[in-house]
Structures are given as C-alpha cells and as structure tokens.
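Accompanying notes for the structure given below.
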Amino acid sequence: MYKTLVRPVVTYAYETWVLKENIKTKLRVFERKVLRRIYGPTKEKDGTWRIKSNEELNRLTGNKNNINYFKAQRLAWFGHVHRVLDNSMVKKKYMSGHPH
C-alpha cells in the first residue's frame, strides 16, 4: 500500500529536489509515521501495546526507505541521461551541471 499509494505522492518531482539534511529528516519522520499507521502497534507478551521501533520498520520494509529510493532513482536517471545521444537537449542540460 505504501509503495503504490503514498510513495508516488511523496516523491512527486523529486528529481528537482536538493536533499538537504533537514529535508531528509522530515521525509524519514513522515515515512515512519505512515508506516507505523499501516503496520499498527505490536502486542507484547504481557498484553500491552507499543509502537514499532525504527529498527522494526526497517526490517519490515527491507530498509527501502525514501532516501534510498531517491538515490537509486537518481542513479537510474543518470544512467538514462548518460546513454542518450550527445546532441540530446536533456543530456546537454543535465550534464552541464544545471539540471533545473
């Protein structure tokens, strides 16, 4: 549910983002809030309930968080741009150091 409904909305136009540390922190916090809502609390042996830890969420998602997703997608985009013809407008713009 997260990968098909939430992530596409959160990552819309991410190619143009500058991922500064404060933005990464906000993305991680938001992602964990959503995942905790989706996966729900954990029932302990004594019958009490607790929220899942960050480590539990990482295990459940295979450590595929938004930041790792961004990095992988950017590498894929770079590979795509690198393979296009040298006279392509996209390649000229992107490789000149001015992706915006």
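Here, each number is a calculation from the coordinates, and none is a lab measurement. Predicted model, so just to flag it, every value in this text is computed and none were measured. Note: ideal-geometry Cβ built from the backbone for every residue, glycine included; neighbour counts use all protein chains shown.
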Checklist outcome for this item: Taking a crude spin-label model, label points 7 Å out from Cα along the C-beta direction, the Y39 to Y12 distance in nm is 2.7
Next on the checklist: Which chymotrypsin sites (Phe, Trp or Tyr not before Pro) in the range 4-86 sit in a loop by DSSP (not H, G, I, E or B) and have at most 14 other Cβ atoms within 10 Å of their own Cβ?
Outcome noted: Y12, W17
Next on the checklist: Looking at the chain as a GNM with Cα springs under 10 Å, which of R32, R74, R50 has the largest mean-square fluctuation?
Outcome noted: R50
Checklist entry - What percent do you get for the relative contact order of the range 1-58 when only Cα pairs under 8 Å and 6+ apart count? => result 26
Checklist entry - Which loop GluC sites (Glu not before Pro) in the range 1-69, with loop taken from DSSP, have no more than 10 other Cβ atoms within 10 angstrom of their Cβ? => result E44
Checklist entry - How large is the helix-only mean residue ellipticity at 222 nm for the chain, computed as the sum of -39500 (n - 2.57) over DSSP H runs with n ≥ 4, divided by its residue count, in deg cm²/dmol to the nearest 500? => result -17000 deg cm²/dmol
Next on the checklist: Residue by residue through the range 50-59, what is 3J(HN,Hα) from phi via Karplus (6.51 cos²θ - 1.76 cosθ + 1.60, θ = phi - 60°)? Round to whole Hz and write x for glycine and proline.
Outcome noted: 9, 6, 6, 6, 4, 5, 4, 5, 4, 5
Item to check | Relative contact order computed over the chain (Cα-Cα under 8 Å; 6+ residues apart), in percent | outcome: 24
Next on the checklist: Using a 7 Å offset from the Cα along the Cα-to-Cβ direction at both L19 and N68, what is the distance between the two label points in nm, to one decimal?
Outcome noted: 1.2
Checklist entry - In what order do L19, L5 fall by count of nearby beta-carbon atoms within 10 Å, going from fewest to most? => result L5, L19
Item to check | Efficiency of FRET from Cβ geometry, R50 and K3, R₀ 25 Å, rounded to 0.05 | outcome: 0.50
